[in-house]
1. In segment 150-184, how many are closer than 23 Å to residue 52 by Cα, in contact with a helix residue (DSSP H, G or I) (Cβ under 9 Å, 6 or more places away or on another chain) and without any contact (Cβ under 8 Å) to a residue 40 or more places away in the chain?
2. Is it the case, given these coordinates, that residue 139 is surrounded by 19 or more Cβ atoms within 10 Å (Cβ to Cβ), within 20 Å of residue 176 (Cα to Cα) and out of contact with any helix residue (DSSP H, G or I) (no Cβ under 9 Å at 6 or more places or on another chain)?
3. Out of 216, 197, which single residue is farther than 19 Å from residue 119 by Cα, at pLDDT below 95 and surrounded by fewer than 20 Cβ atoms within 10 Å (Cβ to Cβ)?
4. Within segment 137-196, track down each residue that is in a strand (DSSP E or B) and closer than 30 Å to residue 97 by Cβ.
5. If you go through segment 114-130 one residue at a time, do you hit one that is within 20 Å of residue 225 (Cβ to Cβ), surrounded by 18 or more Cβ atoms within 10 Å (Cβ to Cβ) and in contact with a strand residue (DSSP E or B) (Cβ under 8 Å, 6 or more places away or on another chain)?
6. Which ones in segment 215-239 are part of a loop (DSSP other than H, G, I, E, B), over 16 Å from residue 80 (Cα atoms) and over 16 Å from the mean Cα position of the chain (by Cα)?
7. If I filter segment 200-208 for residues that are surrounded by 15 or more Cβ atoms within 10 Å (Cβ to Cβ), in contact with a helix residue (DSSP H, G or I) (Cβ under 6 Å, 6 or more places away or on another chain) and under 25 Å from residue 45 (Cα atoms), do I get at least one hit?
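The values are calculated or read from the model by the stated rules, or taken from the named source; none is laboratory data. Treat the numbers as computed from the prediction; the structure is a model and nothing was measured. Positions of Cβ are backbone-derived with ideal geometry, glycine not excepted, and every protein chain shown enters the neighbour counts.
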């Protein structure tokens, strides 16, 4: 993507169990580059008070679309990390004249009718159902040792524990709902960033996702939570992908 003087806004959508807070470092770096990052808490996570048992793909999409309208954003770059990949095609469709580029960062890529749960590693999938079944809110919260290995492998122990303390349980329902639109429908304005050290969505899997998406592909030497470990590098990449 060529840098455009009229495109200085980037909407940042967090992944499962995270919140707007995870983009704080990236937003600072974007500001240093003359851009403005905009992040929100999706329903039921971060500081959002929505009851987790009521969270759906639909009200998550509604929250993003309302945020875009309330911020009066036009001609912006849309970024989704990890689980947020399932939201981006519908957000693009609802804001087609406003989205200049869409960037998937270590994200799920769904075809029409696919569900996120079906793309989860088959060895890990039973834990998602088990944790949700054990929760009155139908949500899941992975233990620290698992998150440390999969998400925070390139963070210091202190930073990993600080980040973990800010995670919130992730509602299961969005994983179970089939995609209305496939990400490839918007391949012409989409790109994919692969995290070289990702232990949650390994490089080989993300290569498959990138090919499934179409569009441009870039690689960054970071773990899954690249926004925490390499905010400066990621910010620079988002403004030029």
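1. 1
2. Details: surrounded by 19 or more Cβ atoms within 10 Å (Cβ to Cβ): yes; within 20 Å of residue 176 (Cα to Cα): yes; out of contact with any helix residue (DSSP H, G or I) (no Cβ under 9 Å at 6 or more places or on another chain): no.
No, not satisfied.
3. Values: 197 fails: at pLDDT below 95.
None of the other options fit; the residue is 216.
4. So the first thing to find is which residues in segment 137-196 are in a strand (DSSP E or B), and the list is 139-140, 170-171, 190-195.
If the condition is that a residue be in a strand (DSSP E or B) and closer than 30 Å to residue 97 by Cβ, then 190, 191, 192, 193, 194 are the ones that fit.
5. yes
6. 221
7. The answer is yes, given that some residue of segment 200-208 is surrounded by 15 or more Cβ atoms within 10 Å (Cβ to Cβ), in contact with a helix residue (DSSP H, G or I) (Cβ under 6 Å, 6 or more places away or on another chain) and under 25 Å from residue 45 (Cα atoms).
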